[in-house]
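Report on the structure given below.
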Amino acid sequence: MKQAAIYPDSTTMNTLLKLCALHNDVHTADQILNHMDQINILRTDYTKATMVQLYARNGLIDDALDVAN
């Protein structure tokens with residue numbers, strides 16, 4: 001994508017996060033969130049809902065509450 005000068009936006013990142021949630025891949029989702037922060041992509045309500053779902057499904061209730069607040 002970089003070679004073609006195409007950069008991800010919140011839709012791209014949310015799609016990746018949803019895939020992580022479907023596969024219960026917390027580690028990769030956390031990496032994607034960190035990358036979003038680094039490249040200044042804002043976390044949308046959809047981002048937050050996806051992460052709450054992922055964290056809660058994996059028993060990470062404190063992390064889910066942090067995202068929700």
The chain: angle of helix 45-57 to the longest principal axis, Cα-based, in degrees nearest 10
50 degrees
Assuming 1.306 mPa s and 10 °C, estimate D for the stretch 9-69 with Stokes-Einstein, Rh taken as the Kirkwood radius over Cα pairs, in µm²/s.
142 µm²/s
Projected onto the charge dipole of the chain (unit charges on the beta-carbon of Lys, Arg, Asp and Glu, signs +1, +1, -1, -1), the Cα from Ala21, Pro8, Leu65 with the largest positive-side position is that of Pro8
Please state the relative contact order of the chain as a whole percent: Cα pairs under 8 Å, 6+ residues apart?
30 percent
With +1 at each Lys and Arg Cβ and -1 at each Asp and Glu Cβ, the charge dipole magnitude of the chain around its Cα centre, to the nearest 20 debye, comes out at 220 debye
Per DSSP H run of n ≥ 4, the term is -39500 (n - 2.57); total these for the chain, divide by its residue number, and report the mean residue ellipticity at 222 nm rounded to 500 deg cm²/dmol.
-21000 deg cm²/dmol
In Å², rounded to a whole number, the accessible area per residue of the chain with probe 1.4 Å is 69 Å²
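The values are calculated or read from the model by the stated rules, or taken from the named source; none is laboratory data. Owing to the predicted nature of the structure, the values given are computational and were not obtained by experimental measurement. All Cβ positions, glycine included, derive from the backbone under ideal geometry; neighbour counts span all protein chains shown. Protein only, heavy atoms only, side chains kept; ligands, DNA and RNA dropped before computing areas. Shrake-Rupley method; radii C 1.70, N 1.55, O 1.52, S 1.80 Å.
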